[in-house]
Amino acid sequence: MTDLNRPHQPERPPRGIIWTDLVTLSPWVKVKELMLPLPWLLLSLTLYGTSLWPLGGIGSFMFFLCALRLNHEAIHGNLGLLRKGDNLVMHVLSALMLGSNHAFSHCHLLHHKHAMGPGDCEGKCGHMSLPQVLIYGPRFPVDINRAAWAGASAKGRRRILIDWGLVLGVVATALLTGSQILLLHVAAMSVAQCLAALFAVWITHQGTHGSGVAARSQRGVLARLAYLMFYHREHHLFPKVPVSRLPILADRLDRSVAGYAASRKPVIGWLEPRRFKIEP
């Protein structure tokens, strides 16, 4: 029986966990969330204009990671904005990340609904091996956009078209001006889009199908370096809790739910702090 055909029962959020107090963000936290990718973007663009341009790739990687987090919060409405504000954030990030985030939004909400089962167009790469997902990577954005276009409403399709219009505008500007800064940014974002299947899906879902665990979840330094995006099990159980509050939620689950901590699957087990060390 293949992994895709293996019976899969999504993990349900445990009862009795207090989480609604974690939803509301202060105005200052909202501003910090919205500005999160900006320093890394400025760093990468600055380095791309100098003889140290290869180091700009580090800034681009971190920008893409932080932009994924910000876009993810906009998808779930966790920024404390009106829905128009969330859509604006996704449009702006689409232009900067060179991909339609409204297409990704459509498929990501299906990912939560179907949870690695049939109909989860985003999560299917979580069933792959590492070599398979690396080969599949360049096709991942294509599949996401095709699935979103096929399933989206007329309004959703218009937003996808706006995203791609913005992307084409950035690419055309880079090509017509010949700007080294813009061309290197376009190249870096193109590579990042090809690796999104690995870093945005596979790394937090591989090996979890049929395990009874919604996703992998990390603690310690690696979790902080990943801007808390590796608290992914907690996110799947309580998607309305902002990413910045997931460590608090994880602590409540570890302390209050019998067997929760013992059943957790870390992203990278040997980078777990000793006090959290568990079997992968």
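The values are calculated or read from the model by the stated rules, or taken from the named source; none is laboratory data. Being a predicted model, the structure only gives us computed values, none of them experimental. So basically every Cβ, Gly included, is an ideal-geometry build from the backbone, and we count neighbours across all protein chains shown.
Of S60, S51, S105, S94, all but one fail to be at negative phi, more than 20 Å from the chain's Cα centre (by Cα) and assigned by TED's automatic domain parsing to the domain that holds A152; the exception is S51.
Table: residues versus (1) crowded, with 20+ Cβ neighbours inside 10 Å; (2) not basic (K, R).
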| residue | (1), (2) |
| --- | --- |
| R83 | no, no |
| H106 | yes, yes |
| F140 | yes, yes |
| I144 | yes, yes |
| W164 | no, yes |
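The helices (runs of 4 or more DSSP H) found entirely in segment 106-224 that carry 2 or more residues being free of Cβ contacts under 8 Å to residues at least 40 places away in the same chain and more than 26 Å from F63 (Cβ to Cβ) are 130-136, 140-151, 154-177.
A quick yes/no check of all residues on (1) out of contact with any Pro (no Cβ under 8 Å at 6 or more places or on another chain); (2) surrounded by 13 or more Cβ atoms within 10 Å (Cβ to Cβ); (3) modelled with pLDDT of 95 or more:
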site: D3; (1), (2), (3): yes, yes, no
site: P7; (1), (2), (3): yes, no, no
site: R12; (1), (2), (3): yes, no, no
site: G16; (1), (2), (3): yes, no, no
site: T20; (1), (2), (3): yes, no, yes
site: K32; (1), (2), (3): yes, no, yes
site: L36; (1), (2), (3): yes, yes, yes
site: L41; (1), (2), (3): yes, yes, yes
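Listed by position, the helices (runs of 4 or more DSSP H) contained in segment 229-272 that have at least 2 residues being small (G, A, S) are 246-256, 260-263. Could you count how many residues in segment 70-98 are touching a Leu at 6+ places or on another chain (Cβ under 7 Å), in contact (Cβ under 8 Å) with a residue 24 or more places away in the chain and not aliphatic (A, V, I, L, M)? So the answer is 5. Among the residues making up segment 18-37, those that are among the aliphatic types (A, V, I, L, M) and in contact (Cβ under 8 Å) with a residue 24 or more places away in the chain are I18, L22, V23, L25, V29, L34, L36.
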